[in-house]
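Asks: The structure's right below; bear with me while I get my questions together.
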Amino acid sequence: MDKKTLENIYNLQGKRVDWAVIEEKTSVGVTYKPGLVIRGSKLYIDLLSRRFYTPIELSEISRKAYPAKRVISKKNGIEAFFAKEDASKNIVLSLGAIQDAYSVAWYTPKMEEQVLL
């Protein structure tokens, strides 16, 4: 899914938006998620949970969004997001993962012939 489509979904026309890596730390560990950051704003969007968030720093949970570079490999069927300031903060997804999060889940027999990650 392209950034322009996501800007329309979230009513962000005219805003400057960048891809993001969202870092979430809890007592269980650290997870990374794909997102969008709105330049000049404290808001960011977790693309898989389809929600706006603000950075938070509590003893139980910490969430932060880092502007990122998105890399697509059609050959390997993946897309990756690397935080611009620290590439070790990254996430790799199947190429259609974000599209899947915004699509209707509807069974078709053709799905039986595909590898779904």
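Asks: Residues that are within 12 Å of the chain's Cα centre (by Cα) and closer than 18 Å to residue 5 by Cα: does the stretch 87-94 have at least one?
Replies: No - not one qualifying residue is present in the stretch 87-94.
Asks: Can you pull out every residue in the stretch 24-33 that is closer than 27 Å to residue 103 by Cα and surrounded by 14 or more Cβ atoms within 10 Å (Cβ to Cβ)?
Replies: Answer for the stretch 24-33, where residues must be closer than 27 Å to residue 103 by Cα and surrounded by 14 or more Cβ atoms within 10 Å (Cβ to Cβ): 24, 32, 33.
Asks: Next question, about the same structure. Would you check if there is a residue in the stretch 99-107 being charged (D, E, K, R) and modelled with pLDDT of 95 or more?
Replies: The answer is no; no qualifying residue exists.
Asks: Any chance you could count how many residues in the stretch 11-23 are surrounded by fewer than 18 Cβ atoms within 10 Å (Cβ to Cβ) and at negative phi?
Replies: Qualifying residue count for the region: 3.
Asks: Let me ask another. Given the condition within 11 Å of the chain's Cα centre (by Cα), open to solvent by 40 Å² or more (accessible area, probe 1.4 Å) and closer than 18 Å to residue 93 by Cα, answer yes or no: does some residue in the stretch 34-46 qualify?
Replies: Taking every residue of the stretch 34-46 in turn, none turns out to be within 11 Å of the chain's Cα centre (by Cα), open to solvent by 40 Å² or more (accessible area, probe 1.4 Å) and closer than 18 Å to residue 93 by Cα.
Asks: Would you tally the residues in the stretch 101-117 being open to solvent by 90 Å² or more (accessible area, probe 1.4 Å) and hydroxyl-bearing (Ser, Thr, Tyr)?
Replies: Summing the residues that are open to solvent by 90 Å² or more (accessible area, probe 1.4 Å) and hydroxyl-bearing (Ser, Thr, Tyr) in the stretch 101-117 gives 1.
Asks: While we're here: Take the conditions open to solvent by less than 80 Å² (accessible area, probe 1.4 Å), assigned to a helix (DSSP H, G or I) and closer than 29 Å to residue 39 by Cα and apply them to residue 98. Does it pass?
Replies: When the stated conditions are applied, residue 98 passes them.
Asks: Kindly provide the set of residues from the stretch 17-38 that are more than 21 Å from residue 80 (Cα to Cα), outside any strand (DSSP E or B) and either of a type outside the set (A, V, I, L, M) or in contact with a Phe, Trp or Tyr (Cβ under 7 Å, 6 or more places away or on another chain) (or both), ordered by number.
Replies: Across the stretch 17-38, the qualifying residue is only 27.
Asks: Let me ask something additional. So, in the stretch 1-10, exactly how many residues are open to solvent by 60 Å² or more (accessible area, probe 1.4 Å) and either touching a His at 6+ places or on another chain (Cβ under 9 Å) or free of Cβ contacts under 8 Å to residues at least 60 places away in the same chain (or both)?
Replies: 3
Asks: Name the residue that is most open to solvent (accessible area, probe 1.4 Å), counting only residues in the stretch 54-91 that are under 15 Å from residue 25 (Cβ atoms), in a strand (DSSP E or B) and in contact (Cβ under 8 Å) with a residue 24 or more places away in the chain.
Replies: Step by step, filter the stretch 54-91, then rank; the result is 64.
Asks: Can residue 29 be described as without any contact (Cβ under 8 Å) to a residue 12 or more places away in the chain and of a type in the set (Gly, Ala, Ser)?
Replies: Yes: the conditions hold for residue 29.
Asks: Which one of 59, 41 is at pLDDT below 95 and of a type in the set (Ser, Thr, Tyr)?
Replies: 59
The values are calculated or read from the model by the stated rules, or taken from the named source; none is laboratory data. Remember, it's a predicted structure, so these values are computed and weren't measured experimentally. Note that each Cβ is placed from the backbone with ideal geometry, even for glycine, and that neighbours are counted across all protein chains shown. The protein model used for the area step is the full one, side chains on, heavy atoms only, and it has no ligands, DNA or RNA in it. Shrake-Rupley method; radii C 1.70, N 1.55, O 1.52, S 1.80 Å.
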